[in-house]
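Undergrad: Supplied in structure tokens, the structure appears directly below.
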Amino acid sequence: MDKKYTILIIDDKTENLHYLNTLLKEENYLVRATTEPIFAINSSKINPPNLILLDIKMPNLDGFEVCKLLKNEENLKDIPIIFISALDDVQSKVKAFENGGVDYITKPFEKEEVLARIKTQLNIFESKKTISNLLEQQDFFLKKIIHEMNTPLSIINLNIDNLESTLGYKEQFETMKASAKSLSSIYNDLY
């Protein structure tokens, strides 16, 4: 990967933090790791990561609650969260997705699986950002077209009316009015 991605790991077990930290740094990721969910949320508000690995079973705040708090923050809501847990039951996995998780990795960790899931979610995240940027550019372009269409259309209508009042009724004026009306309809549809 060309870009350096930052991954935040939140887990109450230091051995998991150490393992994942080592694994991800070997793959050239920037890693931030903590056992403190509130600290992680507050630091993410200031410096958002690109992806979060989040344990479910933690004291005080479980991973589901942490995920909800993260998703309630405007600048953090789109960050992909992959839940990590020893829980392997369907209910836990479903709850993870219902609470905003994009993926679920069970412990014990398999190196290749962890890396593949992270890479996939980062690719999806980047694709969504690209699509969002393209939609913004498209919106800007359409607004510009709409604006640029309105002025000449108004001038055409005004001149047709002036010509008709000066020269009287002509069949050609009706044709021009119909064309202007058609352009006006397109303008209104775009607007």
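Undergrad: I need the chymotrypsin sites (Phe, Trp or Tyr not before Pro) found in region 116-190, filtered to DSSP loop residues with at most 14 other beta carbons within 10 Å of theirs.
TA: Here the sparse-neighbourhood loop sites are Tyr169.
Undergrad: Something else: Cα gyration tensor of region 116-173, axes a ≥ b ≥ c as square roots of the eigenvalues: rounded (a/c below 1.5), prolate (a/b > b/c) or oblate?
TA: prolate
Undergrad: Need one number: nm distance between label points at Glu15 and Asn159, each 7 Å from Cα along Cα→Cβ, rounded to one decimal.
TA: In this crude label model, Glu15 to Asn159 measures out at 8.3 nm.
Undergrad: Could you work out how far apart the two model spin labels at Ser184 and Glu110 are, taking each label as a point 7 Å from the Cα in the direction of the beta carbon, and quote it in nm?
TA: A separation of 6.6 nm, rounded to one decimal place.
Undergrad: From the phi of every residue in region 58-74, what ³J(HN,Hα) in whole Hz does the Karplus formula 6.51 cos²θ - 1.76 cosθ + 1.60 yield, where θ is phi - 60° and glycine or proline is x?
TA: Karplus-based 3J(HN,Hα) across region 58-74 equals 9, x, 6, 10, 7, x, 5, 5, 4, 4, 4, 5, 5, 5, 7, 8, 3 Hz.
Undergrad: Give the long-range amide H neighbours of Tyr5: residues separated by 5 or more places, or on another chain, with amide H under 5 Å away, using H modelled in the peptide plane at 1.01 Å from N.
TA: Under 5 Å from the amide H of Tyr5 lie the amide H atoms of Leu30, each far enough along the sequence or on another chain.
Undergrad: So which GluC sites (Glu not before Pro) in region 13-51 end up in coil per DSSP with only 16 or fewer other C-beta atoms within 10 Å?
TA: Loop-located and lightly packed - Glu27.
Undergrad: If you don't mind, another one. Give the separation of the Cα centroids, region 66-107 to region 168-191, in Å.
TA: Region 66-107 and region 168-191 have Cα centres spaced 55 Å from each other.
Undergrad: Let me ask you something else. Do the sum for the chain: with -39,500 (n - 2.57) for every DSSP H run of n ≥ 4, divided by all residues, what is the mean residue ellipticity at 222 nm, to the nearest 500 deg cm²/dmol?
TA: Calculated from helices alone, the mean residue ellipticity at 222 nm is -21000 deg cm²/dmol.
Undergrad: Just to check I understand the Karplus step: with θ = phi - 60° and J = 6.51 cos²θ - 1.76 cosθ + 1.60, what whole-Hz values come out for region 119-132, glycine and proline as x?
TA: Each residue's phi maps through the Karplus curve to give 4, 4, 5, 5, 5, 5, 4, 5, 5, 4, 5, 4, 4, 4 Hz.
Undergrad: Can you list residues whose amide H is under 5 Å from Ile84's amide H, if they're 5+ apart or on another chain and H is modeled 1.01 Å from N?
TA: Leu54, Asp55, Ile56, Ile105
Undergrad: If you don't mind, there's one more thing I want to ask. Can you list the HN-Hα couplings for region 153-167, worked out from phi with the Karplus curve (6.51, -1.76, 1.60; θ = phi - 60°), rounded to whole Hz and with x for Gly and Pro?
TA: 5, 4, 5, 4, 4, 5, 5, 4, 4, 4, 4, 5, 6, 7, 9
Throughout, read-outs are computed from the coordinates displayed, never taken from laboratory work. Model, not experiment: these values are computed from the prediction. Glycine gets a Cβ as well: all are built from the backbone with ideal geometry, and neighbour counts include every protein chain shown.
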